Amino acid sequence: MEVQDLLIDGYQRVPVFLETVVQDLSRDELKWQPRHDCNSIGWLVWHLSRQQDAQVASLMGEEQLWIKEAWYTKFYRPGAPEDVGFGDSPEEVAAFEPPDGPVLLDYHRAVMERTKHSLRSLSGADLQDARLQGANLKAWLSSANLTGAHYNSDTIWPDKFDPVEAGAVR
């Protein structure tokens with residue numbers, strides 16, 4: 001098995017789960033947050049899809065489907081490539097208005113197809129040589145003051161916990 005096959009297999013498992021969770025939910029249910037500082041299902045599916053779209057587009061040196069195919073219009077969002085949800089505050093997450101389930105799923109399917117096509121086009125050497133922008137997570141976390149703060153609106157670091165010092169991130 002080639003590394004591309006392994007990656008594709010992992011990515012293909014996500015849509016099966018999303019279909020099961022999202023297919024019968026109303027827009028109100030997609031927007032519902034169990035607590036004010038938790039993400040809604042609609043926001044999480046959008047964020048997951050946006051991150052994958054942005055990262056694969058960056059890897060391939062191509063335009064994001066979000067922009068290229070104007071998915072942002074179906075999500076009532078700005079046509080900004082950086083609009084991926086990373087760093088959204090709890091207020092921004094609460095303000096997110098998800099489209100209906102089929103639109104969420106259609107966008108994820110489009111991103112998934114592009115991901116498969118892109119991964120199949122890469123050689124093992126391409127993957128080994130890939131230098132993804134922003135991949136130096138340790139340096140980013142070292143420069144960010146995350147201790148005791150909300151991280152990406154859904155992970156709470158315990159007080160006095162430093163993920164770099166604790167070895168959680170290399």
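The values are calculated or read from the model by the stated rules, or taken from the named source; none is laboratory data. All values derive from a computational prediction rather than experimental measurement. Cβ sites come from the backbone with ideal geometry, for glycine too, and all protein chains shown count toward neighbours. These accessible areas exclude ligands, DNA and RNA; they are computed on the full protein's heavy atoms, side chains included. Shrake-Rupley method; radii C 1.70, N 1.55, O 1.52, S 1.80 Å.
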### Query
If the Cβ limit is 6 Å and pairs must be 6+ apart or interchain, which residue in segment 43-65 that is at pLDDT 95 or above pairs with which residue that is surrounded by fewer than 19 Cβ atoms within 10 Å (Cβ to Cβ)?
Q64/P81; L65/A110
### Condition check for Y76: more than 30 Å from S123 (Cβ to Cβ), touching a residue at least 12 places away in the same chain (Cβ under 8 Å) and not β-branched (V, I, T)
yes
### Task
Hey, can you tell me all the residues within segment 10-21 that are in contact (Cβ under 8 Å) with a residue 40 or more places away in the chain and within 16 Å of the chain's Cα centre (by Cα)?
Y11, Q12, V14, P15, L18
### Task
Filter segment 1-17 down to residues that are of a type outside the set (S, T, N, Q) and in contact with a Lys or Arg (Cβ under 8 Å, 6 or more places away or on another chain) and give me whichever is least open to solvent (accessible area, probe 1.4 Å).
I8
### Query
What are the residues in segment 18-27 that are open to solvent by 60 Å² or more (accessible area, probe 1.4 Å) and either modelled with pLDDT under 90 or not in a helix (DSSP H, G or I) (or both), if any?
Q23, D24
### Selected residue [touching a residue at least 24 places away in the same chain (Cβ under 8 Å), farther than 18 Å from A94 by Cα, aliphatic (A, V, I, L, M) and part of a helix (DSSP H, G or I)] from L7, L30
L7
### Query
Would a scan of segment 104-116 turn up a residue that is open to solvent by 60 Å² or more (accessible area, probe 1.4 Å), at pLDDT 95 or above, touching a helix residue (DSSP H, G or I) at 6+ places or on another chain (Cβ under 9 Å) and within 21 Å of R27 (Cα to Cα)?
yes
